[in-house]
Amino acid sequence: MKAMRWITLLGGMALCVAANAATDREFADIYTDCGLGAMIAPNNDAVAAVTNVTWDLGTTAISSNASSPDTCAGGKGEAAAFIYDAYPNLEKDLAVGQGEHLASLLSIAGIDAESRSDVSIRLRREFAEIVNADGYSERTRFEKAETLYNALYAHAG
């Protein structure tokens, strides 16, 4: 059992060294600013780090830092966290086509003021299809949030 812990720890450290070679982000920042932990707990570094380590030993945080460091801490990461946290309210806003949570999401995602109406309309149409798809009600909150996140950035591009 102890040997397995050491192997896991050493493997995680090796991944971290590789990730740090790719960016200047500190080890602790990777576990708090990237991956699933940052999405779930963007304002609580301890919870973010524990989530990343518990979920997949930090692999997602490290790989997201190495492959797309711009998605860590702010920007898309902030939008992902907001979607997860405000998902029930975003569902309601998208159902009616407007609302403060939807407006906040578009702002956080960096959608310029001139494009927000168009993006909102397209996102609302796609969201209606998502909600009406088979199995939607059985999805976890994370899966629903991820789907909305992907739809947002498909229309924000």
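Where a number appears in this text, it was derived from the coordinates with a stated rule and is not lab data. Just so we're clear, the structure is a prediction, and the values are computed from it rather than from any experiment. FYI the Cβ positions are ideal-geometry reconstructions off the backbone, even for glycines, and counts take in every protein chain you see.
Some observations on this one:
- Along the stretch 98-108 the Karplus relation, 6.51 cos²θ - 1.76 cosθ + 1.60 evaluated at θ = phi - 60°, assigns HN-Hα couplings of 6, x, 5, 5, 5, 4, 5, 4, 4, 5, 4 Hz to successive residues, with x for each Gly and Pro.
- Residues listed by number, the stretch 76-110, amide nitrogen under 17 Å from residue 128 label point at 7 Å toward C-beta: 91-99
- Straightening the chain between residue 118 and residue 91 buys 7.9 nm, computed as 0.36 nm per residue apart minus the Cα-Cα spacing.
- Taking amide H atoms as placed 1.01 Å from N in the peptide plane, the amide H of residue 139 has no partner under 5 Å among residues 5 or more positions away or on other chains.
- Here the stretch 77-156 has an Rg and Dmax of 11.5, 36 Å, counting Cα atoms alone.
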